[in-house]
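For reference, the structure is listed below as structure tokens.
The values are calculated or read from the model by the stated rules, or taken from the named source; none is laboratory data. Quick caveat, the model's predicted, so the values are computed rather than measured. As a convention, Cβ positions derive from the backbone with ideal geometry for all residues, glycine included, and neighbour counts pool all protein chains shown. We work out accessible area using only protein heavy atoms, side chains counted, and drop any ligands, DNA or RNA first. Shrake-Rupley method; radii C 1.70, N 1.55, O 1.52, S 1.80 Å.
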Amino acid sequence: MGGLRGADRGALLVLTDLRRDGAAALEWAARYLERVTELPVLAQVEPGEIAARLPSSAPEEPEPFEAVLRDLDEVLLPGVTHWQHPRYFAYFATSSSEPAILAELLAAALNSVAILWRTAPAATELEGVVLGWTAELLGLPAGWHGHIEDSASTSTLAALIAARAATGRDLVVCSVHAHSSVEKAARMLGMRIRKVPIDEAFRMRATELGDLDEAAAVVATVGTTAATSVDPVPAIAEACERSGAWLHVDAAYAGAAMVCPEHRWAFAGVERADSLVVNAHKWMLTPMDCSLFWSRRPDDLRAAFSLIPEYLRTPDEEDALSLSEYGPALGRRFRALKLWAVLRCHGRSGLQAHIRRGIELAAMFERWVAEEPGWELCAPRPFSVVCFRLAGSDERNRELLARVNACGDMFMSHAVLDGRYVLRLAVGQMRTTEEDIRLAWEILRREALAR
């Protein structure tokens, strides 16, 4: 009667002690960050190998947490591709910094679920505050609504849903180099898509947007996935305003660079966008998942997403603060806590130093490629991604990339530009040094000779 006694409640957790095992987990994390450079960047396993090492069923009885850490080292770690490695140069390099790692622990301890303001007042209000802080750091207009989604794919999906509801149209227009999430979102929503050609710098040709009278949304990109090119947002915004189309700007990667005033040329015209996405988990020292979504049309977002059953109804003044009414998800994690920790513990100056260092290292690598006979640059480099290739066939470059990634000392990815297979070196890891860039160049030159 009266519920579990203290001893009974304790018995549920007897094999895990937060202080003892938490200290061991923090030690594991700290040691991992110290030794990650010694590990092969790309996981050296075959598909299915990790699953084969694990039991086919969950344990019948509780196990100690130390067994979890043991198997993390012995079973899972060989199957980890190390995004925290200083020579992770694939896709868009990212970093999870120490303040955010600790904030993730605290968020898990609090376990706030922000389905409504009253279920998580601090999580809800902090999210608005840190989105306001970040908007100011990036030079965005004051007063925009901001909230956090899990990824840019979800943020773009939300933008297209709102655009369709606001315009009553079903056409999405983007460049041929827009992120695949745009086409995927259109497919999921049953919307048509039209892709616009690009110019010699891989930017959308605004003059070829065509008739936008049936367009629900145009997606412009600041920092495309393949070449990090910047679409001409002012001209695209002008066309959208004439036709009544929603303008969504995808700045998932490059948006973070706007913390540096010298890079804000790339945000020209963004103040005219209806919505914008910047991923803090790409270049802003924040771990996955933390996609920042802003809109100057919050009423249209709420009209598209608000659905409140009786069991979730609260006083009107509270309803207006429930972020679940502005996006697809009802339940929301306390993601703002890790971004808050990053902004406080790194500050504007720390973020600027991180961005500038990445761009400086990429520029250094770019110079080496330009000066080396037998190599060529394949696209302008506005930020920290260098697109280049070894002179010769596509097959030669495919084989080169395979050898480089197999060596374990670095990891790169590729793209196709002008119909040619090109290599991409993406700098963005906070622990990457000039020595890492030099080693990467040495490996590339060495493997280029190993034919």
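Is it the case that region 89-104 has a residue that's loosely packed, with under 15 Cβ neighbours inside 10 Å, more than 30 Å from L444 (Cβ to Cβ) and among the hydrophobic types (A, V, I, L, M, F, W, C)?
In the first step, residues of region 89-104 are kept if they are loosely packed, with under 15 Cβ neighbours inside 10 Å; the result is none.
No, the conditions are met nowhere in region 89-104.
Applying the condition of being assigned to a loop (DSSP other than H, G, I, E, B) and touching a helix residue (DSSP H, G or I) at 6+ places or on another chain (Cβ under 6 Å) to region 35-60 and asking which residue is nearest to S413 (Cα to Cα) yields L42. For region 172-190, filtered to residues that are of a type in the set (A, V, I, L, M) and crowded, with 21+ Cβ neighbours inside 10 Å, the residue that is nearest to G327 (Cα to Cα) is A185. In the set (1) of a type in the set (A, V, I, L, M); (2) at pLDDT 95 or above; (3) open to solvent by 30 Å² or more (accessible area, probe 1.4 Å); (4) outside any helix (DSSP H, G or I), the condition left unmet by A304 is number (4).
Selection of region 252-276 for residues being within 17 Å of A142 (Cα to Cα) and either within 10 Å of the chain's Cα centre (by Cα) or among the basic types (K, R) (or both) yields R264, R272. Every condition in (1) buried (at least 24 other Cβ atoms within 10 Å of the Cβ); (2) among the acidic types (D, E); (3) over 25 Å from the mean Cα position of the chain (by Cα) holds for D231 except the one numbered (3).
Scanning region 76-111 for residues that are at pLDDT 95 or above and either farther than 30 Å from M412 by Cα or β-branched (V, I, T) (or both) yields V80, T81, I101, L105, L106, A107, A108, A109, L110, N111. The criterion of being closer than 21 Å to P298 by Cβ, open to solvent by less than 10 Å² (accessible area, probe 1.4 Å) and β-branched (V, I, T) holds for V249. Suppose the filter is open to solvent by 20 Å² or more (accessible area, probe 1.4 Å) and in contact (Cβ under 8 Å) with a residue 60 or more places away in the chain; does D289 pass it? So D289 passes the test.
Among the residues of region 312-342, the ones that are modelled with pLDDT of 85 or more, farther than 17 Å from T154 by Cβ, open to solvent by 20 Å² or more (accessible area, probe 1.4 Å) and more than 18 Å from the chain's Cα centre (by Cα) come to 0 in all. Looking across region 194-243, just one residue is touching a strand residue (DSSP E or B) at 6+ places or on another chain (Cβ under 7 Å), assigned to a helix (DSSP H, G or I) and polar (S, T, N, Q), and that is S243. The one condition from (1) touching a Leu at 6+ places or on another chain (Cβ under 9 Å); (2) open to solvent by 60 Å² or more (accessible area, probe 1.4 Å); (3) modelled with pLDDT of 95 or more that L12 does not meet is (3).
What do you reckon, is R118 at pLDDT 95 or above, outside any helix (DSSP H, G or I) and open to solvent by 30 Å² or more (accessible area, probe 1.4 Å)? Before the answer, list the steps.
Details: at pLDDT 95 or above: no; outside any helix (DSSP H, G or I): yes; open to solvent by 30 Å² or more (accessible area, probe 1.4 Å): yes.
So R118 fails the test.
Output yes when any residue across region 275-285 is at negative phi, part of a strand (DSSP E or B) and among the polar types (S, T, N, Q), and no when none is. Among the residues of region 275-285, at least one is at negative phi, part of a strand (DSSP E or B) and among the polar types (S, T, N, Q), which makes the answer yes. Pairs meeting the criteria (first residue in region 195-218 and more than 12 Å from D231 (Cα to Cα), second residue open to solvent by less than 90 Å² (accessible area, probe 1.4 Å) and at pLDDT below 95, beta carbons under 7 Å, at least 6 apart or on different chains) are lacking. Do we find that V342 is of a type in the set (A, V, I, L, M, F, W, C), outside any helix (DSSP H, G or I), within 30 Å of H177 (Cβ to Cβ) and touching a Ser or Thr at 6+ places or on another chain (Cβ under 7 Å) in this structure? Against the criterion (of a type in the set (A, V, I, L, M, F, W, C), outside any helix (DSSP H, G or I), within 30 Å of H177 (Cβ to Cβ) and touching a Ser or Thr at 6+ places or on another chain (Cβ under 7 Å)), V342 does not qualify.
Within region 161-171, being surrounded by fewer than 24 Cβ atoms within 10 Å (Cβ to Cβ) and under 22 Å from the mean Cα position of the chain (by Cα) holds for one residue alone: I161. Taking the stated definitions as given, is R242 crowded, with 18+ Cβ neighbours inside 10 Å and out of contact with any Cys (no Cβ under 6 Å at 6 or more places or on another chain)? No: the conditions fail for R242. The residues of region 390-407 that are more than 13 Å from A90 (Cα to Cα) and either part of a loop (DSSP other than H, G, I, E, B) or under 28 Å from the mean Cα position of the chain (by Cα) (or both), listed by number, are A391, G392, S393, N397, R398, L400, R403, A406, C407.
Contact annotation: residue pairs with Cβ atoms under 6 Å, 6 or more positions apart or on different chains, pairing a residue in region 220-232 that is farther than 13 Å from G255 by Cα and in contact (Cβ under 8 Å) with a residue 40 or more places away in the chain with a partner that is open to solvent by less than 10 Å² (accessible area, probe 1.4 Å) and in a loop (DSSP other than H, G, I, E, B), are A227/F202. If the condition is being open to solvent by less than 20 Å² (accessible area, probe 1.4 Å) and either within 15 Å of the chain's Cα centre (by Cα) or more than 21 Å from A266 (Cβ to Cβ) (or both), then region 123-155 contributes A123, T124, E127, V130, H147, I148, E149, A152, S155.
Restricting attention to region 244-274, the residues that are without any contact (Cβ under 8 Å) to a residue 40 or more places away in the chain and in a strand (DSSP E or B) total 2.
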